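See below for the structure under consideration.
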Amino acid sequence: MIRCTIELLPYGDEEKKRSLGVIEIINEKTGDQCTGNYKVNLQKISEYGESLSISKSGTVSGFKRLESDVFYLLAHALKGCGYEV
């Protein structure tokens, strides 16, 4: 599993940082060395630091592992949850 935590650092102040959300990318173990399939969960964090329930979920199917890197996987995971730029 890959977990990315999104943090806000007001004016770059590490002491005032707070988490805004978490994305988890879970390998479904149905692919092979070259291609992967993943389940994705997004979780928002309240302004008081409490984890909220899963706000969005999705999938990534047929991800070309050898042709991409973890940042492309993250982009596909967000797209799989309905985010478009």
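Please compute the length gained on full extension between Tyr11 and Lys29, using 0.36 nm multiplied by the number of residues separating them and subtracting their Cα-Cα distance.
2.4 nm
For region 74-83, take each phi angle, set θ = phi - 60°, evaluate the Karplus expression 6.51 cos²θ - 1.76 cosθ + 1.60, and give the result in whole Hz per residue in order, putting x for glycine and proline.
For region 74-83, the Karplus-derived couplings read 4, 4, 5, 5, 5, 5, x, 9, x, 8 Hz, x marking Gly and Pro.
If contacts are Cα pairs under 8 angstrom and at least 6 residues apart, what is the relative contact order of the chain in percent? Could you put the intermediate results ahead of the total?
Working: 156 pairs, mean separation 18.7, N = 85.
22 percent.
I need Leu78, Leu9 ordered by Cβ neighbour count within 10 Å, fewest first.
With the sparsest Cβ surroundings first, the list reads Leu9, Leu78.
Taking chymotrypsin sites (Phe, Trp or Tyr not before Pro) as candidate sites, keep only those in a DSSP loop with at most 15 other Cβ atoms within 10 Å, then name the longest stretch of the chain containing none of them.
Formally, the longest exposed-site-free interval is 1-47.
Identify which of the listed values of Rg/Rh (Cα atoms, Kirkwood Rh) was calculated from the structure shown: [x] 1.21; [y] 1.05; [z] 0.92.
Here the calculated entry is [y].
Could you list Val70, Val22, Val60 in order of exposure, starting from the residue whose Cβ has the fewest other Cβ atoms within 10 Å?
Val70, Val22, Val60
List the aspartates and glutamates whose alpha-carbon lies under 19 Å from that of Lys39, not counting same-chain residues fewer than 8 positions away?
Reachable aspartates and glutamates: Glu24, Glu28, Asp69, Glu84.
For the chain, modelled as a Gaussian network with Cα springs under 10 Å, which listed residue fluctuates most, Leu74, Leu20, Leu66?
Of Leu74, Leu20, Leu66, the Gaussian network model singles out Leu66 as fluctuating most.
Each reported figure results from applying straightforward, stated rules to the coordinates on display, with no laboratory input. Because the structure is predicted, anything quoted here is derived from the model rather than measured. Note that each Cβ is placed from the backbone with ideal geometry, even for glycine, and that neighbours are counted across all protein chains shown.
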